[in-house]
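**Student:** Take a look at this one; I'll ask things after.
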Amino acid sequence: MSRMTWHGVRTVALLELRQRVRSTRWVVALVVWFLVVGAITALTWAAIGGLGAGLGATSGDDRVLTGPPIFGAVVFFVLFLGLLVSPTLSATSVNGDRNAGTLATLQVTLLSPVEIAVGKLLAAWVAALAFLAVSVPFLVIALAAGGVPVVSVVVCLVVLALLLAVICAIGLGFSALSPRTSGSAVLTFLAVAGLTVLTPIVFALSLPSVTTQEEVRVWTVPATYDWESGEPPECEWQTQTMGVSHTERTWWLLAANPFVILADAAPQARAETAGVSDPLGAIRTAVRSARTGPAAEQDWCTGTFVSLTADGTAIDEPQSPVEVPEPDRSLVWPYGLAVNVLLGAIGLTVAIRRLSIPQRRLPRGTRVA
Amino acid sequence: MSTTADDVSHAPAASTSPGIRVTGLHRSFGAVRALDGVDLTARAGAVTALVGPNGSGKTALLLVLAGLLVPDEGEVRVAGHDPVTDGPAARARTGWMPDAFGTWDSLTAREVLLTFAAAYRLPRATAVERAAELLETVHLTEYADRPASVLSRGQKQRLGLARALVHDPDVLLLDEPASGLDPRSRVDLRVLLRDLASRGTTVLVSSHVLAELDEMADDAVFLSRGRTVVPERSAATGDGTREWRLRALSLETLTTWLTSVGARWRPDDLTAGDGPPGSGGVLLPVVGEEGAARLLADAVAAGVPMTGLAPAAGALERAYLTLEEERR
């Protein structure tokens, strides 16, 4: 029977939370988290703020220059710490109870396996949200550095909360699969590492396999041009064969990365000049251009030569006929989040199946009670 | 199947309750046949002892009855419900206390009971009342609001019993409930189980303390190598003959005398090596207490230096020891 009632879920979640709050150094963990995130925020502020001042930016531009990097660094750090902490919240919840001899007594009650699994997930998620809540002041402080819309804090918190729920669900699934708590913890950390570290590595390593020799139209300087002539060249169309990386086939590897999801979902920084100095925006631009893939035409001419008039001002170049490829504006994060939520759903489903009684097969090396 | 709190909260004092019926139960774990043909009936309103050596399948049988394991073959009815196809209905009426279980150490005894009451979907008010009542029953009221981690092993065992009773089950499955209990608590347990049985509950108890089961069980089921076995009844025949244990300072004098009077004695392996050198004991079938009195008088008159004469074992133990099966 797999019905789910709020009463059942709440019973399990309350049990888990009570047990967790009373038996672990819960407050200490939150305080340590608060101090670490606070220290990182202060250091980032000092480092990037100092950089901005060093560039001689005036007060107004200064905010535009330093705000987005500070916010981006703090948000990424919170995600980083969250990815480290979340596995420990759920990765021992099923096999730990089984080893402690408390799981079977709960299974024989009228609680359904769905209620036990969802209750455990909810408890782990609430614990993860507590860490997130402690980080909110620093996100707001980072916001004060300027250049970032207020809605960013809300969007980032929602995405962070969802990502941590996914990690908790994956941990729950492993804790139901593996008889040992150490095994499930390691597997969950490996899953997190796979999502965060392995995806960009595989993306990079897969580049040669998606790179093909193709003919590309290039707007370039004619081969006959006399470089000593002093006259600006008349650029012309040529067709050249070169390696072209079709990242539009592999961009989804990047999309599944939690950091990419967070960066892509965060609203655009306010200032037009933000460009590169906005780390979230830079990641967003990179992943979206990877999704767009290579352009059919390339401009190797425009900007290569600067002709000056007698009094030293630059002469406008002729208009380039090459279309500047427009990066794909469509969102990447829904795909990535969907992949992550799917992984979390698999974890939860595994846990529910493994919690169902009566059991037909026993996991190796375990006793039922 | 919908199980409402009402179904659970008032277990009818049902002499009509069907108890436990098991026929042809088989269950293997890989190559190990844990249950290999179990037939068992536990009457409602009676305490049934489940007796067997270590590894004979007692715990596996209780896991099937509790609804945790799917049997490979066989029919199981607990309180009239099949724990596999009709799990929630069976579980709503079953209280199970495993041989080894944990408690959430940082919850208080009362919170543990309230959590289980909620898990059995008892209404909150009923649950509070029931928890207080059960804590009283198992003499843990004093510890009600202290974390379970401060409880001793025996106290935890009592809390486990209260947990199994929280929804007032029709069928109670107890796996080694007396282990870790002090003598006073053992007596309490016996009284409690007799009381539950008298109110119509089906009680199935496994234990190694056979003398204790002897005192509280109405019926006994013997399990050996995953099979229910009927013990040879030779040890307890109708004329009141049972085995007595004789001990003397000089084993040689004792056996010589017994042989000279033609008694069918056999060596007592259990107590060999006890006592001073040369002393020892034998086992001897004796008819009734009068027979024992006569035997003692004769032995003393014959000059045997007697040190003891006592019934060798309780009925269950005797039956148990006649099982021609080895421990594993």
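What follows is calculated from the coordinates using simple rules that are stated; it is not laboratory data. Keep in mind the model is a prediction, meaning the values are calculated, not measured. So basically every Cβ, Gly included, is an ideal-geometry build from the backbone, and we count neighbours across all protein chains shown.
**Student:** Based on the alpha-carbon set only, what is the convex hull volume of the stretch B:171-217 divided per residue, in Å³?
**Tutor:** For the stretch B:171-217, the hull spanned by Cα atoms encloses 60 Å³ per residue.
**Student:** Considering only chain B, what is the antiparallel percent among its DSSP beta bridges, to the nearest 5?
**Tutor:** 65 percent
**Student:** List the relative contact order of the stretch B:241-322 as a percent without decimals, with contacts defined as Cα pairs under 8 Å and 6+ residues apart.
**Tutor:** RCO, the stretch B:241-322: 46 percent.
**Student:** For the stretch A:185-199, just list the computed ³J(HN,Hα) in residue order, Karplus coefficients 6.51, -1.76 and 1.60, θ = phi - 60°, integers in Hz, with x standing in for Gly and Pro.
**Tutor:** Values, residue by residue: 5, 4, 4, 5, 5, 5, 5, 5, 4, x, 5, 8, 9, 5, 4 Hz.
**Student:** Counting only residues 5 or more places away or on other chains, whose amide H sits under 5 Å from the amide H of A:THR211 once H atoms are built in the peptide plane?
**Tutor:** Result for A:THR211 returns A:HIS246.
**Student:** Quick one: grab Rg to one decimal and Dmax as a whole number for the stretch A:203-272, Cα atoms only, in Å.
**Tutor:** For the stretch A:203-272, the Cα-based Rg and Dmax read 19.7, 54 Å.
**Student:** Also, quick follow-up: Would you please give the residues with an amide H less than 5 Å from that of B:THR108, counting only those at least 5 places away or on a separate chain, with H modeled from the backbone geometry?
**Tutor:** Those qualifying (amide H under 5 Å, at least 5 residues apart or on another chain) are B:ALA148.
**Student:** Over all Cα pairs of the stretch A:62-203, how is the pair count split among 10 Å bins, expressed in % and running from 0 up to the last occupied bin?
**Tutor:** 12, 34, 28, 17, 7, 2, 0
**Student:** Of A:ILE357, A:ILE167, A:ILE346, how do they rank once you tally other Cβ atoms within 10 Å and put the fewest first?
**Tutor:** Numbers: A:ILE357 21, A:ILE167 31, A:ILE346 13.
Fewest to most other Cβ atoms nearby, the residues stand as A:ILE346, A:ILE357, A:ILE167.
**Student:** Continuing with this model, one more query. Considering Cα pairs under 8 angstrom that are at least six residues apart, work out the relative contact order of chain B and quote it in whole percent.
**Tutor:** Computed over chain B, the figure is 22 percent.
**Student:** Quick query: amide H of B:ASP82 versus all other amide H atoms, modeled in the peptide plane; which residues come in under 5 Å with a sequence gap of 5 or more or a different chain?
**Tutor:** none
**Student:** Find the all-direction average of the projected area of the Cα convex hull for chain B, expressing the result in square nanometres with one decimal place.
**Tutor:** Numbers: hull surface 79.8 nm².
Quarter of the Cα hull surface area: 19.9 nm².
**Student:** Enter the Cα centre distance for the pair the stretch B:111-158 and the stretch B:21-95, rounded to the nearest angstrom.
**Tutor:** Their Cα centres are 27 Å away from one another.
**Student:** Over the Cα atoms of the stretch A:157-289, Rg to Rh with Kirkwood Rh, two decimal places?
**Tutor:** Checking Rg against Rh, the ratio lands at 1.20.
**Student:** Read phi for every residue in the stretch A:341-350 and hand back ³J(HN,Hα) as whole Hz from Karplus 6.51 cos²θ - 1.76 cosθ + 1.60, θ = phi - 60°, with x for Gly and Pro.
**Tutor:** 5, 4, 4, x, 5, 5, x, 5, 5, 4
**Student:** May I pose another question? What FRET efficiency, computed as 1/(1 + (r/R0)^6) with R0 = 45 Å and r the Cβ-Cβ distance, is obtained for B:LEU249 and B:GLU290, rounded to the nearest 0.05? The partial results should precede the final answer.
**Tutor:** Values: r = 25 Å, r/R0 = 0.56.
Calculated transfer efficiency: 0.95.
**Student:** Determine the dipole magnitude for the stretch B:241-322: charges of +1 sit on the beta-carbon of Lys and Arg, -1 on that of Asp and Glu, nothing else is charged, the reference point is the Cα centre, and the result goes in debye to the nearest 20.
**Tutor:** 120 debye
**Student:** I need the shape label for the stretch B:241-322. Rule: rounded when a/c is under 1.5, else prolate if a/b > b/c, else oblate, with a, b, c from the alpha carbon gyration tensor. All intermediate terms of the calculation are to be shown ahead of the outcome.
**Tutor:** Values: a/c = 1.86, a/b = 1.22, b/c = 1.53.
It comes out oblate by the Cα gyration axes.
**Student:** Normalise the Cα radius of gyration of the stretch B:26-147 by 2.2 N^0.38 Å (N = residues in it) and let me know the number.
**Tutor:** Rounded to two decimals, the normalised Rg is 1.26.
**Student:** Something else about it: Any idea what diffusion coefficient the stretch B:130-259 gets from Stokes-Einstein, in µm²/s, Kirkwood Rh on alpha carbon pairs, 25 °C, 0.890 mPa s?
**Tutor:** The Stokes-Einstein estimate is 137 µm²/s.
**Student:** Now, a different point. In sequence order, what are the phi-derived ³J(HN,Hα) couplings for the stretch A:216-225 according to the Karplus relation 6.51 cos²θ - 1.76 cosθ + 1.60 with θ = phi - 60°, rounded to whole Hz, with x for glycine and proline?
**Tutor:** 10, 7, 10, 8, 9, 6, x, 5, 7, 5
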